[in-house]
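Working notes, beginning with the structure itself.
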Amino acid sequence: MADNRRMRLMRRVAVTGMGVKTPAGCSLDSLWTTLLAGRSCIGPIRRFDAGHLPVQFAGEASDFNAEDYLGHKEVRRADRVAQLGFGAATDAFDDAGDLDVDPARCGVVAGTGVGGLITQEREEFELFSKGAMRVSPMLVPMMMPNATAALIGMKLGWTGPNFCVATACAAGTHSVGEGARLVREGSADVVLAGGSEAAVTSIAISAFARMGALSGRADDPEHASRPFDVGRDGFVIGEGAGFLVLEEWDRAEARGARIYGEVAGYGRNADAYHITAPSPGGVGAAECMRLALADAEIDPSEVGHVNAHGTSTPLNDAAEAEAVVKVFGERTLPVTSIKGSTGHLIGAAGAVEAVVSFLAMKHGLIPPTANHVESEPELAIDVVAGEARTWTPSAVVSNSFGFGGHNASLVLIPAPAV
């Protein structure tokens, strides 16, 4: 029995499908093209009148049409967060090819920071303006954070593990890591793991602005998100989703799947320091990366790239830079953040960034950090900026750090050359 248990824990996790919905593109190709160009997709909010808000710009996934994936009635019964998540998960499922799955051996792990906030905000207006009997009976299933995971599972008919992770900005990375654990331990053979967020709303923007987290660069929103740049003054909120098909390696090889790479390591811990600020010196983040490296059983010297959380906030970027130096040394490997292009996708960010990490392996290019012009001398890391950088694909560490001190890191490695 003990030998069988060890074998299950050693199962490798292949990535065989990926899908994204972001302000910078709603397909793998469009997102990659935008990132390589170093182009920002931040602009004035167009989905509703934001004239009353303290910040009136964001990253909107304007190319996404929910009715490409769901029927008209289904769209009306799903918040945009679930619509985005289902679209990205469907693309990942299709990208994986013929999975030929046993539904009982398939799972879903979907992360989000806040869930169905658009629906909640709309129905609260109904409550206070028109009365309790005007609140929609669909409010609860549309606003609950687990709605995305439920929708994916029900549409695919998958009856294996199905749950939601809600760890703020770390939720997407936690979801990929927890999905990988399900495959590694033998609880599932295939898992759709990722995150979605649709928090470009009046209440979320007002709240983040009031706490001083958002960029106030109203005169130049396109350049407002500036990860690791000396001029950064806060993040830009964005919406989107990213999902990956995680599959037991031998199974993927046996069916001749195209394998992007492997989820080899997963680290997670907590700062236990402050509800919004990171622990001084990036201590928690550094330990989280070390945990992921230990889980992957690789040395820091084997890592060739860090896909950073890099939100464009003064404290968090500084703490992450210090953490990278603690683990890898000064300016020893290229670091990039895609949030200059997409804005901060909150619970979807880490999943989309895992997808981008595998695209960097596939193409042999590390995309530049959009809007990064000048580094602070104190941030002793090598930020890729200006143009893409060629590299020989190797292990990538992808980081996410959330409010509440939630830290998550993945070690992702390329598939062996065929």
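The values are calculated or read from the model by the stated rules, or taken from the named source; none is laboratory data. Predicted model only: the values in this text are computed from it and were never measured. For neighbour counting, all protein chains shown are included, and Cβ atoms are generated from backbone atoms with ideal geometry for every residue, glycine included.
Annotations
- Taking every residue in the range 117-143 that is closer than 23 Å to Gln83 by Cβ and touching a residue at least 24 places away in the same chain (Cβ under 8 Å) and pairing it with any residue that is crowded, with 18+ Cβ neighbours inside 10 Å and among the charged types (D, E, K, R), at least 6 positions away or on another chain, the pairs with Cβ-Cβ distances below 6 Å are Ile118/Asp79; Ile118/Arg80; Thr119/Asp79; Met142/Asp79.
- Count of the range 57-100 residues, restricted to those that are modelled with pLDDT of 95 or more and either among the aromatic types (Phe, Trp, Tyr) or in a loop (DSSP other than H, G, I, E, B) (or both), is 19.
Rundown of residues vs (1) hydroxyl-bearing (Ser, Thr, Tyr); (2) surrounded by fewer than 24 Cβ atoms within 10 Å (Cβ to Cβ); (3) not assigned by TED's automatic domain parsing to the domain that holds Asp271, yes/no style:
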{"site": "His372", "(1), (2), (3)": "no, no, no"}
{"site": "Ala380", "(1), (2), (3)": "no, yes, no"}
{"site": "Gly386", "(1), (2), (3)": "no, yes, no"}
{"site": "Arg389", "(1), (2), (3)": "no, yes, no"}
{"site": "Thr392", "(1), (2), (3)": "yes, yes, no"}
{"site": "Val396", "(1), (2), (3)": "no, no, no"}
{"site": "Phe403", "(1), (2), (3)": "no, yes, no"}
{"site": "Asn407", "(1), (2), (3)": "no, no, no"}
{"site": "Leu410", "(1), (2), (3)": "no, no, no"}
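- Qualifying residue in the range 344-359 (condition: outside any helix (DSSP H, G or I) and either of a type outside the set (D, E, K, R) or surrounded by fewer than 17 Cβ atoms within 10 Å (Cβ to Cβ) (or both)): yes
- Residues that are at pLDDT below 95 and of a type outside the set (Gly, Ala, Ser) were ranked within the range 316-335; the one that is nearest to the chain's Cα centre (by Cα) is Leu333.
- Test: Leu345 is farther than 18 Å from Val303 by Cα and not assigned by TED's automatic domain parsing to the domain that holds Ile205: yes
- Test: Arg217 is out of contact with any Phe, Trp or Tyr (no Cβ under 7 Å at 6 or more places or on another chain), basic (Lys, Arg), surrounded by 24 or more Cβ atoms within 10 Å (Cβ to Cβ) and assigned by TED's automatic domain parsing to the domain that holds Gly113: no
- The range 168-185 residues that are assigned by TED's automatic domain parsing to the domain that holds Ala241, paired with ones that are at pLDDT below 95 and of a type in the set (D, E, K, R) (beta carbon under 6 Å, 6 or more apart): Glu185/Arg8
- Evaluation of Val356 against (1) closer than 15 Å to Glu320 by Cα; (2) of a type in the set (Val, Ile, Thr); (3) touching a helix residue (DSSP H, G or I) at 6+ places or on another chain (Cβ under 7 Å) (one fails), failing number: (1)
- Here Thr332 passes the criteria (1) within 23 Å of Leu359 (Cα to Cα); (2) touching a Lys or Arg at 6+ places or on another chain (Cβ under 9 Å); (3) among the β-branched types (Val, Ile, Thr) except the one numbered (2).
- Hey, Arg232 free of Cβ contacts under 8 Å to residues at least 40 places away in the same chain, surrounded by 17 or more Cβ atoms within 10 Å (Cβ to Cβ) and not in a helix (DSSP H, G or I) or not: no
- Here Leu117, Leu156 are screened, and the one residue that is modelled with pLDDT of 95 or more, closer than 12 Å to Leu192 by Cβ and either in the same structural domain as Val190 (by TED's automatic domain parsing) or among the polar types (S, T, N, Q) (or both) is Leu156.
- Close Cβ contacts (under 6 Å, 6 or more residues apart or on different chains) running from residues in the range 398-410 that are in contact (Cβ under 8 Å) with a residue 24 or more places away in the chain to residues that are acidic (Asp, Glu) comprise Ser398/Glu353; Gly405/Asp271.
- Residues that are surrounded by fewer than 18 Cβ atoms within 10 Å (Cβ to Cβ) and of a type in the set (D, E, K, R) were ranked within the range 123-159; the one that is farthest from the chain's Cα centre (by Cα) is Lys130.
- Screening Gly284 against (1) assigned to a helix (DSSP H, G or I); (2) touching an Asp or Glu at 6+ places or on another chain (Cβ under 7 Å); (3) surrounded by fewer than 19 Cβ atoms within 10 Å (Cβ to Cβ) leaves a single unmet condition, (3).
- Whether a residue is touching a strand residue (DSSP E or B) at 6+ places or on another chain (Cβ under 9 Å), of a type in the set (Val, Ile, Thr) and over 15 Å from Phe358 (Cβ atoms) was assessed, and Ile259 does not pass this test.
Every residue, every condition in (1) touching an Asp or Glu at 6+ places or on another chain (Cβ under 7 Å); (2) polar (S, T, N, Q); (3) on the phi > 0 side of the Ramachandran plot, yes or no:
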site: Ala272; (1), (2), (3): no, no, yes
site: Asn307; (1), (2), (3): yes, yes, no
site: Asp317; (1), (2), (3): no, no, no
site: Glu330; (1), (2), (3): no, no, no
site: Gly350; (1), (2), (3): no, no, no
site: Gly364; (1), (2), (3): no, no, yes
site: Asn371; (1), (2), (3): yes, yes, yes
site: Val383; (1), (2), (3): no, no, no
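- If you go through the range 192-210 and keep only what is surrounded by fewer than 24 Cβ atoms within 10 Å (Cβ to Cβ) and either more than 17 Å from His52 (Cα to Cα) or free of Cβ contacts under 8 Å to residues at least 24 places away in the same chain (or both), you end up with just Ala207.
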